[in-house]
1. Specify the residue that is nearest to Arg24 (Cα to Cα); the eligible residues are those in segment 47-68 that are hydroxyl-bearing (Ser, Thr, Tyr) and surrounded by fewer than 21 Cβ atoms within 10 Å (Cβ to Cβ).
2. Among the residues of segment 78-89, is any under 26 Å from Gly169 (Cβ atoms) and more than 15 Å from the chain's Cα centre (by Cα)?
3. Being acidic (Asp, Glu) and at pLDDT 90 or above is the filter here; which residues of segment 73-97 pass it?
4. Out of His100, His107, report the one residue that is assigned by TED's automatic domain parsing to the domain that holds Arg129 and either at pLDDT 95 or above or more than 30 Å from Arg156 (Cα to Cα) (or both).
5. When both residues are 6+ apart or on different chains and their Cβ atoms are under 7 Å apart, which pairs have a first residue that lies in segment 26-48 and is in contact (Cβ under 8 Å) with a residue 60 or more places away in the chain, and a second that is surrounded by 17 or more Cβ atoms within 10 Å (Cβ to Cβ) and of a type in the set (Lys, Arg)?
6. Please work out if Arg110 is closer than 27 Å to Thr54 by Cβ, charged (D, E, K, R) and crowded, with 16+ Cβ neighbours inside 10 Å.
7. Is there a residue being of a type in the set (A, V, I, L, M), assigned to a loop (DSSP other than H, G, I, E, B) and within 17 Å of Cys120 (Cα to Cα) anywhere in segment 185-197?
8. I need the helices (runs of 4 or more DSSP H) fully contained in segment 16-72, keeping only those with at least 2 residues that are at negative phi and touching a Ser or Thr at 6+ places or on another chain (Cβ under 6 Å).
Amino acid sequence: MEDEVELLRQASVNGVFSSADAERHGIPRLRLVALAKVGLLTHLTRGMWSTIHTVDAAQTHLLRTVAIIRRLRQPAGATAQSALVLHDLPILDTDLDRVHLVRGRGHATRRSHDYTVWGCAGGLRAATRPPFVDTPLACAPVAVALTHTGVTCTPRAALAAADAAVRRGLVTSTEIEVAAADLPLGTPGAAAVRRALADVDGRHESPGETLTARVMRDLGYSLEPQVWIGPYRVDFLVTGTRVIVEFDGAVKYDDRQAIVAEKRREDDLRRRGYVVVRLMWSDLHDPARVRRLVVAALTAAA
């Protein structure tokens, strides 16, 4: 078995091989099924396999994206959430069961049971993501993939990924604005995607900060991100006030030293005359609670 798996590993490109590749090495399809049953192979999609054991849904999705691109007869690249996974960008509100691809040319959209191929993206690029994708894989331009994410997932999913992409220098806010404007007439949700992506800000350092800014903006507050107050950099300062808004994605701290350091930091900020509002994921789903917390903080800081 080990010799067979090693042969298949050597036959793989980006961790993926086909049934035909296996047969060329003298390993029939029924043998692949048997190896998969004992956990030595992973079946990705029709006729495509991997020797890699993935640890999460994103890794599995990436390998399936590689497999389907290779299986298709016409050139295609990753887009929407499939491109986000390839670029290691944040994925929120995202269904990873379906692979999303885009053609280098042609405009018709094709759907299968486990993938969708969009029309022309205006040219494909190439990207890698070691250790899985070492050989460059075709993908849509990052700006196009972000707008497709907004359509296939949610506008806030596109915004969170866009902030990260701008922060990493993968794309500019102008390129994103142009791609959003180029969404075809009649695309479902296009207007909401354009509105969301108009607020891209690469200073946000996590999806939680992106969504905090969005909730606060929707409540009518203006924020200044990444503000230095003495030796401390805070996530946000409510413009024109002494109210700090911080996003805390952790349910609890396991490190006692981290708890003590955070308390000392917050006490020092209060001594400097600031009021701290700390938000968690659950708060971002309850704008009314966020408003109450901010109003109380504004009153205390007045």
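1. Here the residue is Thr51.
2. no
3. Once the filter is applied, which keeps residues that are acidic (Asp, Glu) and at pLDDT 90 or above, segment 73-97 yields Asp88, Asp97.
4. His100
5. Hits for this filter: Thr45/Arg64.
6. The answer is no for Arg110.
7. Yes, because at least one residue in segment 185-197 is of a type in the set (A, V, I, L, M), assigned to a loop (DSSP other than H, G, I, E, B) and within 17 Å of Cys120 (Cα to Cα).
8. Hits in segment 16-72: 57-71.
The values are calculated or read from the model by the stated rules, or taken from the named source; none is laboratory data. Just so it is clear, the structure is predicted and the values come from calculations on it, not from any experiment. Positions of Cβ are generated from backbone atoms using ideal geometry, with glycine treated the same way; all protein chains shown enter the neighbour counts.
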